[in-house]
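Here's the structure, in structure tokens; my notes come after.
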Amino acid sequence: MGIKWDNIKDAIFTGNIAGIPILVKGAICDGLPVQDILNKGLIAGMSIVGEKFKSNEIFVPEVLISAKAMQAGLDILEPLLVKAGVNPMAKIVIGTSKGDLHDIGKNLVSMMFKGGGFSVIDLGIDVAPRRFIDEAIKSDAEVIAMSSLITTSMPSMKATINLLKIEGLNGKIKTIIGGAPVTQEYADEIGADGYADNASSAIDKVKELLGL
Ligand code: B1M
């Protein structure tokens, strides 16, 4: 069945948004386990995308198209995975911090998390500290991921981490931050558990934080 995984991986890598649903449905009809279709097909394809993105062999437009292809595959697999009782690796609440309307990078990170096997609750843009925390508690999430593209929205990330500390949730719910003006130094300064400078390293960082 090697060729089937290669077909799916290639379709993710080349961003074949129309082809992925056909390939995934074909694999399901052939009786292949949904977990294998996810891991050996879609996630393996997205890993290649992540590696090539990291090494500057491909760039944001290609990654966005691959991410859309990934989403098209996940949309078909998701109900089957739930039915099969396959648990996602962990739950992540993600959003762009309060005062900030930029969402392209956040969407990319969100898609990469989904592609990496995480369950993602995307709160969108302009997300206040209280909302991040309420949603993380409600959904029993292990991670809050915050994106900021403008310096004026960075203090809101600090406010979220401070609120987590006040509520005794710091450490129980891990925090990861990122976005163009954000740095490792800033993450250290505000007490974030993790920092990543791009979407693929965000996956590595969350896995590291959760010991996965
Ligand atoms: Co605005 N904008 N913008 N903008 N915008 C920037 C960010 C800016 C750097 C442009 C500039 O002046 N050179 C500047 C910020 C300056 C600063 O504070 N340092 C700026 C400004 C000033 C503004 C406005 C204030 C302009 C105005 O109204 N006068 C305004 C702010 C509105 C607001 O948010 N309140 C504004 C508005 C807009 C648009 C609405 C027009 C549009 C956003 C559309 C949208 O997002 N839907 C926009 C855009 C497109 C940009 C630029 C041109 C591109 C941003 C982008 O999408 N990059 C940007 C200049 C630039 O960056 N070259 C700029 C592509 C994206 C894939 O990269 O988001 O960096 P990025 O995400 C990366 C990494 O950062 C990382 O992974 C991603 C993939 O590698 N990452 C994470 C991101 N989040 C992460 C989270 C993680 C980990 C990694 O963990 C949780």
Q: Can you confirm whether region 132-146 contains a residue that is open to solvent by 20 Å² or more (accessible area, probe 1.4 Å), within 14 Å of the chain's Cα centre (by Cα) and over 23 Å from residue 104 (Cα atoms)?
A: yes
Q. Pairs under 7 Å by beta carbon, first residue in the same structural domain as residue 108 (by TED's automatic domain parsing) in region 46-73, partner exposed (fewer than 15 other Cβ atoms within 10 Å of the Cβ), six or more apart or different chains?
A. none
Q: Taking the options 94, 125, 76, name whichever one is touching an Asp or Glu at 6+ places or on another chain (Cβ under 6 Å) and open to solvent by 20 Å² or more (accessible area, probe 1.4 Å).
A: 125
Q: Could you please find all residues in region 191-206 being surrounded by fewer than 18 Cβ atoms within 10 Å (Cβ to Cβ) and over 17 Å from residue 54 (Cα atoms)?
A: 191
Q: Hey, could you check region 21-60 for residues that are open to solvent by 80 Å² or more (accessible area, probe 1.4 Å) and within 13 Å of the ligand (Cβ to nearest atom) and say which is farthest from the chain's Cα centre (by Cα)?
A: 56
Q. Can you spot a residue in region 186-196 that is assigned to a helix (DSSP H, G or I), within 13 Å of the ligand (Cβ to nearest atom) and among the aromatic types (Phe, Trp, Tyr)?
A. yes
(Q) Going by what's in this entry, would residue 149 be described as part of a loop (DSSP other than H, G, I, E, B) and closer than 21 Å to residue 111 by Cα? (A) yes
Q) Has region 141-150 got at least one residue that is charged (D, E, K, R) and more than 13 Å from the ligand (Cβ to nearest atom)? A) yes
Q) residue 107 is checked against (1) within 13 Å of the ligand (Cβ to nearest atom); (2) more than 19 Å from residue 194 (Cα to Cα); (3) open to solvent by 40 Å² or more (accessible area, probe 1.4 Å) and fails just one. What number does that condition carry? A) (2)
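The values are calculated or read from the model by the stated rules, or taken from the named source; none is laboratory data. Note that the coordinates shown come from a computational prediction; the quantities given were computed from them, not determined experimentally. Don't worry about glycine lacking a Cβ; one is built from the backbone with ideal geometry, like all the others, and counts go over all protein chains shown. Only protein heavy atoms, including side chains, enter the accessible area calculation; ligands, DNA and RNA are left aside. Shrake-Rupley method; radii C 1.70, N 1.55, O 1.52, S 1.80 Å.
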